Amino acid sequence: MMRTLFTSIFLLASVNLMLAQQENCGCCTEDHTAFDFWVGSWTVTNADGTAAGQNTIEKIENGCVLKESWKSAKGQFTGSSMNFFNKQSGSWEQLWIDNQGSHLKLKGNRKGNQMILSSDEFTHTDGKTYVNRITWTMNEDGTVRQLWEVLHQGEVANVAFDGLYKRAK
């Protein structure tokens, strides 16, 4: 009898603890995990198969933020980004900053097996307006393709980067 009572109390306490942990998890929704396919350590190649660099994406801040740490193949170009799901806007946001003084702000959402983030419209030195659109595609073989397109009036004007991510060994 005491053993059954003790077991019941233990199970009830365990369930209450699990529920409390879930309630305290501010980033445990499906939206917050939509970009988890990019988490890991990666070797990145260009579309022609040449080495592009190394990238590590890790979850930080109790899983609320994806932090990217990029290093080019020759090691001269580095950059970092912070990626998070913004509950207020209902979209993913990225802030990229690199060692060349450049930055890029993106926002968007996952559609199927792709995370598609775009910048606000900007005016280039040629006087035309453009939008940066970066698409990460989760492939069936576990690789991830990152395609960075520069759009003018909705059409692709330039491909800034086309890379394939393979898990580092």
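The values are calculated or read from the model by the stated rules, or taken from the named source; none is laboratory data. In this text, all values refer to a predicted model and were calculated from it rather than measured experimentally. Quick reminder, even Gly has a Cβ in these numbers, built from the backbone with ideal geometry, and neighbours come from all protein chains shown. For accessibility, only protein heavy atoms count, side chains too; no ligands or nucleic acids. Shrake-Rupley method; radii C 1.70, N 1.55, O 1.52, S 1.80 Å.
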Test for residue 134: is it at pLDDT 95 or above, part of a strand (DSSP E or B), open to solvent by 80 Å² or more (accessible area, probe 1.4 Å) and in contact with a strand residue (DSSP E or B) (Cβ under 9 Å, 6 or more places away or on another chain): no
Of the criteria (1) touching a residue at least 12 places away in the same chain (Cβ under 8 Å); (2) in contact with a Phe, Trp or Tyr (Cβ under 8 Å, 6 or more places away or on another chain), which one residue 69 fails: (2)
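For every residue, the table says whether it meets (1) in contact with a Gly (Cβ under 8 Å, 6 or more places away or on another chain); (2) among the hydrophobic types (A, V, I, L, M, F, W, C); (3) within 27 Å of residue 41 (Cα to Cα).
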site	(1), (2), (3)
86	no, no, yes
91	yes, no, yes
101	no, no, yes
107	no, no, yes
110	no, no, yes
139	no, no, yes
150	no, yes, yes
154	no, no, no
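When the residues of segment 35-49 are narrowed to those that are of a type in the set (Gly, Ala, Ser) and surrounded by 13 or more Cβ atoms within 10 Å (Cβ to Cβ), which ends up farthest from residue 142 (Cα to Cα)?
The residue in question is 47.
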Conditions (1) within 19 Å of residue 166 (Cα to Cα); (2) of a type in the set (Gly, Ala, Ser); (3) touching a strand residue (DSSP E or B) at 6+ places or on another chain (Cβ under 6 Å): number failed by residue 118: (1)
Subset of segment 143-154 (residues that are open to solvent by 60 Å² or more (accessible area, probe 1.4 Å), in a strand (DSSP E or B) and closer than 18 Å to residue 120 by Cβ): 148
Subset of segment 50-90 (residues that are open to solvent by 60 Å² or more (accessible area, probe 1.4 Å), part of a strand (DSSP E or B) and among the small types (Gly, Ala, Ser)): 51
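Of all the residues that make up segment 91-103, how many are assigned to a strand (DSSP E or B) and in contact (Cβ under 8 Å) with a residue 12 or more places away in the chain?
Filtering segment 91-103 for residues assigned to a strand (DSSP E or B) gives 91-98, 103.
Those left that are additionally in contact (Cβ under 8 Å) with a residue 12 or more places away in the chain: 91-98.
Within segment 91-103, residues that are assigned to a strand (DSSP E or B) and in contact (Cβ under 8 Å) with a residue 12 or more places away in the chain number 8.
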Residue count, segment 91-122 (criterion: under 26 Å from residue 141 (Cα atoms) and open to solvent by 80 Å² or more (accessible area, probe 1.4 Å)): 2
